[in-house]
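Okay, structure first, notes after.
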Amino acid sequence: MTNIINLTDSYKFSHFNQYPKGTETIHSYMSSRGGKYKEMVFFGLKYYVDKYLNSLVTGLDIAKAESFAKEHGVPFNREGWEYIVKNLNGNLPIEIKALPEGSIFKQHEVILTIENTDPKCAWLVGWVETLLMKLWYPITIASKSLEVKKMLQEYWDETSDNPEGVDFAFHNFGDRGSSSVESAAIGGAAHLTQFKGTDNFNSLTLAKRYYPDLLGFSIPATEHSTVTSWGRENEFEMIENYLETYKDSPIIACVLDSYDIYKAVDFVTSGRMKEKIESDDYPTFVIRPDSGNAFKVIGKILKIMLKNNISYKINSKGYMVFDKYKIIWGDGITPERIKNILMQYTGVNFRFKKFPKSFEKILGYIYFENIEKFDTIGIKGFSAENFAFGSGGDLMQNVNRDTCKFAIKCSAIKVNGQWRDVYKDPITDKGKTSLKGRQVINLYIK
């Protein structure tokens, strides 16, 4: 069991006797002071409250925490913690008001407020700030996923007759790249607020307990070891055996770059493999390249698929949709790279609607030279639904508290029955000026 007393910053151990005498209530709020995303997703509070703040403080907790504090060189508020144990049965006397989980909010809007409910425990508001600040992580992951979702939805709406398919277009590969088991779980659950595809199995256990409405799904898939363990000379035998083994699955994925990605793609899109996959008796086959220049590799794969006359249809919007094949790219994926891949192979640029053929570094987009041109046989391009993307390290780890500039600040204090405004206004950085007074939550429900 986690000792809740330990879950704070060292300097907060000395704050209990620094507030004005007669302090009865402290009011703090949380908001984003700016940062990368204009719209964000509130997520994670239930987890941190249920797992940590609903824990009961015990006398043993106090004894252990006091011992650590003395060794650490900081004072300890034994009287305050013993009051909570003896008079409040170990329950933390705080009230948290917040947006509903899943709500969309904007920069600078108050998303959460904290107040103590017992006048002898005003110091506790600042104490729990450290734990509650950890909300920055699931909120930022969910918000990053929302940005990707909005971008993908544009491409699906423009090029696909199946806009719901976007729910499975951004897959979470991030468990192994996460900093801890817990961050993998809560970050993975945050991703599930926007997408349904994940290989982060760990996140499902957390979601099941705290957010049962969040569901995640995956499919049978190979990895390099399951292919290369057959030996280079038996790679194609392994792939065919894999197809037969999971014949009854609706969709399977196979990594094909263990040796020669182009020979492997040619194998699965021609001859008896093509006949099997394109029949009604076998699953949709997801081609997974996993190395090299994404733009060059995907372009060559598409050329091979077209050369082998794979089955496709032209949808109502004039875009090619493969009947039984898809491509997933999961190496080094970022939101920007997804956008560039989709612009390249759908031919859609939402600033100009269609790509100028001779574009170079337009509006800051990267121009990738030496991409082999290929014939799109007279159609507009490839539908976005032919592609999916997996992200691990970038999705789960390429974020920090300053990505969205989250902060929790005290804005009001009640002393001897009178409320006072509390705020900071540094002349060196007006972006860090905090709000005054007790704050009210404005609801922007998704």
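Quick note: the coordinates plus some simple rules give every number you see, no bench work behind them. None of the values given here were measured: they were computed from a predicted structure. Here the Cβ is made from the backbone with ideal geometry for all residues, glycine too, and neighbour counts use every protein chain on show.
At-a-glance table
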| read-out | value |
| --- | --- |
| Structure-based [θ]222 nm, the chain - -39500 (n - 2.57) summed over DSSP H runs of at least 4, per residue, nearest 500 | -9500 deg cm²/dmol |
| D (Stokes-Einstein, µm²/s), Kirkwood Cα radius, the chain, 1.306 mPa s at 10 °C | 64 µm²/s |
| Pairwise FRET efficiency - K424 versus R78, Cβ, R0 = 25 Å, nearest 0.05 | 0.25 |
| Order of D161, D213, D199 - criterion: other Cβ atoms within 10 Å of each residue's Cβ, fewest first | D213, D161, D199 |
| Selection from Y29, M40, A98 lying farthest towards where the dipole of segment 25-98 points positive, charges on Cβ | M40 |
| Segment 139-397: relative contact order in percent, alpha carbon pairs under 8 Å with at least 6 residues between | 25 percent |
| Under 16 Å from K86, Cα to Cα: aspartates and glutamates that are on another chain or at least 8 residues apart | D61, D118 |
| Nearby aspartates and glutamates by direct alpha-carbon distance to K134 (threshold 13 angstrom, same-chain neighbours under 8 apart not counted) | D9, E182, D402 |
| DSSP beta bridges in the chain [antiparallel fraction, %, rounded to 5] | 60 percent |
| Cα-Cα over 24 Å, subset of K405/K430; K12/K405; K106/K430; K276/K317; K414/K436; K144/K317 | K276/K317; K144/K317 |
| Within segment 167-189: backbone nitrogen closer than 14 Å to the K51 label point (7 Å, Cα to C-beta) | 179-189 |
| Most mobile of K300, K424, K324 in a GNM of the chain (Cα contacts under 10 Å) | K424 |
| GluC sites (Glu not before Pro) lying in DSSP loop within segment 200-242, provided at most 16 other Cβ fall within 10 Å | E223 |
| Using a Förster distance of 60 Å, the FRET efficiency for E240-E71 (Cβ separation, nearest 0.05) | 0.45 |
| The chain: relative contact order as a whole-number percent, Cα under 8 Å and 6+ apart | 22 percent |
| Partners for K296 among aspartates and glutamates (Cα-Cα distance below 15 Å; same-chain residues under 8 apart left out) | D257, D260, D331, E369, E372, D375 |
| Segment 167-238: relative contact order as a whole-number percent, Cα under 8 Å and 6+ apart | 26 percent |
| Residue among T284, T433, T159 with the largest mean-square fluctuation in a Gaussian network model of the chain, springs linking Cα atoms under 10 Å | T433 |
| Separation in nanometres of the label points that stand 7 Å from Cα toward Cβ, at M133 and F201 | 3.6 nm |
